[in-house]
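The values are calculated or read from the model by the stated rules, or taken from the named source; none is laboratory data. Source: prediction; values computed, not measured. Please note: Cβ atoms are built from the backbone with ideal geometry, for glycine as well, and neighbour counts cover all protein chains shown. When the accessible area is computed, the model is the full protein with side chains, heavy atoms only, and any ligands, DNA or RNA have been set aside. Shrake-Rupley method; radii C 1.70, N 1.55, O 1.52, S 1.80 Å.
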Amino acid sequence: MAKESNSIQSIPIEKIHALPGTEQEQQPDKAYGSLVSSILINGVKEPVILRPMENGDYQLVSGYRRKRAAELAKLKELPAQVYDMTEKEALDYRARAAKDPKASLPGQPVKETEEKLEETKSEDKSKTAKAPEKAEKKEKKAAEPNAPVNPEKAKKPAAKSKAAAAKEEAPSGPAATGPTGTDITRILESRLNPPTAKSKKDFPAPGEGEAFSVLLHPAYLKKAEINTFSVDRESDDFKELYKSIERFGVKDPVLAQIGADGELEILSGQRRHLIATELNYPVPTIIQQLDNDDAGILVADGNLHREHISTYDLSRALKMKAEAMKRKAGRQGKGQSGPRLDTDEALAKEMGMNVAKLNRLIKLSEAARPICDLVDEGNLALSIAYNIAFLPPEAQGHVADLIGINVRVSNENTTVLKSLAKTEKLDYDKIRDVLEGRYPPPKVVEPPKPVEPAPLPSMAPTSISKSPDVSAGVAPSTVIPVPPPMAEPKPVPVASTPAASPEEKPDRENSYVTKVILTGDRLRKYFPDVSMTPRQIENSVYDALEERRQRLEKARQKSEIFTR
């Protein structure tokens, strides 16, 4: 179907409405930043597709992003091509275009009606006819004598029109030199044939403040090494851009620079170049030489303002721009005054978020792609993904696999993993133990060392007084009889254990750290109360052992007495 250039009309935006059932989710205004800037500089290059309504308004068939960006740019009208189609045909076309961007439009283009053209002509004629009449009236009014006027009204100055006021407020003299964007200093000859290995590297290098414009075969351009971002070919904005380039070609030039190998590498316009390569369309290109920091900021901006961007690409774009901004801001030397630029705060304000969230997203640039995909799917919180980003890549893969089998992750257990990664090597089993609450194991409290009891005093009397010998003539009070020596009592053997030689002394220190585990029905018989804590059971065991020791000691003392 032939497309006529004169079929493009200027339609007021207020008369353009959405098709029933095609209302798109409202995106944040920042998502249209690059498109709004392009419209403010170059205007709307590609017209939208409309269908007429019975009440004189129009329904939007294709071009939602351009319409929204034009509204943000405060435009009143929008270039459009109007096709005579039914509402059903328009909906069918949108469904087919979502699968095949090359789908043909139904209906025929509608030009401006002759009635509208005649109306505009008649309005112009009436204006020209009334112009001399107004001039004559003004002359007559000036020739008439001044009529008496109300003195109160005479004091008030006449109200100025908006145009006159704006004219007075406008600055006079030559225009000031303001920011002009990229200044094209040279236009190179077009190269539309496939390049050779030599022709790829024979471009003149622009100097500082220079920029060259050229129309190139898409094979002259390649992706920059610093641009590691992916292109979502399934997104609506990519499909819409594909259809626009297919119909009208590449209107907005891509920005490129001469790389280290002498070839042109794209800094901005990766999607346009990709589509032009598939369609074999020429690519208008601006060649400009930038330093590494400016190039990094430009590449990052080209991805940050995309309508749909994954967490994986977003985190890496933020990191690239933040590092470039910090290097450009530099550090204050000695003797320098003035506030230092807080690049994190400036970037967070630009992105519409706080600094804490910005730092978490930048840390996610170290996270594996499966972890970022889980964040996009809503299966993982940003704070948990932030903790996982501190783990080695192999450990992050294990965590993603465990999440896939429904192992629960939380801020608590990922914080434990984060601390363990500093000192230990995390394998699959250890990571699973941590996530399932089995690691680190509970601490074993060593029982206190028993204190050796002091020897009890002997129950036997040390001396027995005898009756005084009256016949000896000694006063009873002065006789102190000495008892005969008693035989040494034999100790009662407690256990038949061989005596240790002097060289083989028992290791008493190690005997107190022997670990004994009491389990089964035999222990439950003594502790039927299941609500007792391990500490209470331990104290109860020690109390029972102490009672047994005291009974054995009393039995030993009794045995000594009866032996004597």
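Accessible surface for residue 366 stands near 100 Å², nearest 10, in the context of the full protein assembly shown (1.4 Å probe). Working note: Karplus 6.51/-1.76/1.60 with θ = phi - 60° gives the stretch 407-418 the couplings 7, 6, 10, 8, 4, 5, 6, 6, 5, 4, 4, 4 Hz, where Gly and Pro are set to x.
The stretch between residue 95 and residue 251 holds 53.6 nm of extra length on full extension. This uses 0.36 nm per residue minus the Cα-Cα distance. Per residue, the stretch 187-228 exposes 61 Å² of accessible surface when a 1.4 Å probe is rolled over the protein heavy atoms with every protein chain present.
Accessible surface of residue 355, taken over heavy atoms with a 1.4 Å probe and every protein chain present, rounds to 60 Å².
Estimated at 0.36 nm per residue, the fully extended path between residue 188 and residue 535 surpasses their Cα-Cα distance by 116.2 nm. Cβ-Cβ distance of residue 279 and residue 412, R₀ of 51 Å, FRET efficiency by 1/(1 + (r/R0)^6): the value works out to about 0.45. Of the trypsin sites (Lys or Arg not before Pro) found in the stretch 250-287, the ones in coil according to DSSP and having at most 15 other Cβ atoms within 10 Å of their Cβ are 251. Sorted largest first by accessible area at a 1.4 angstrom probe radius, with every protein chain in place, the residues 299, 416 fall in the order 416, 299. Across the accessible surface of the stretch 283-333, with the other protein chains kept in place and a 1.4 Å probe, carbon and sulfur atoms take up 46 percent.
For the pair residue 208 and residue 308, a Förster radius of 45 Å applied to the C-beta separation gives a FRET efficiency near 0.80, rounded to the nearest 0.05. Of the trypsin sites (Lys or Arg not before Pro) in the stretch 388-423, the ones in a loop by DSSP (not H, G, I, E or B) with at most 10 other beta carbons within 10 Å are 408, 422. Between residue 548 and residue 438, the FRET efficiency estimated from the beta carbon spacing at R0 = 45 angstrom works out to 0.75.
Accessible surface for residue 320 stands near 40 Å², nearest 10, in the context of the full protein assembly shown (1.4 Å probe).
Annotation: extensible slack from residue 363 through residue 230 equals 46.0 nm (criterion: 0.36 nm per residue apart, minus Cα-Cα distance).
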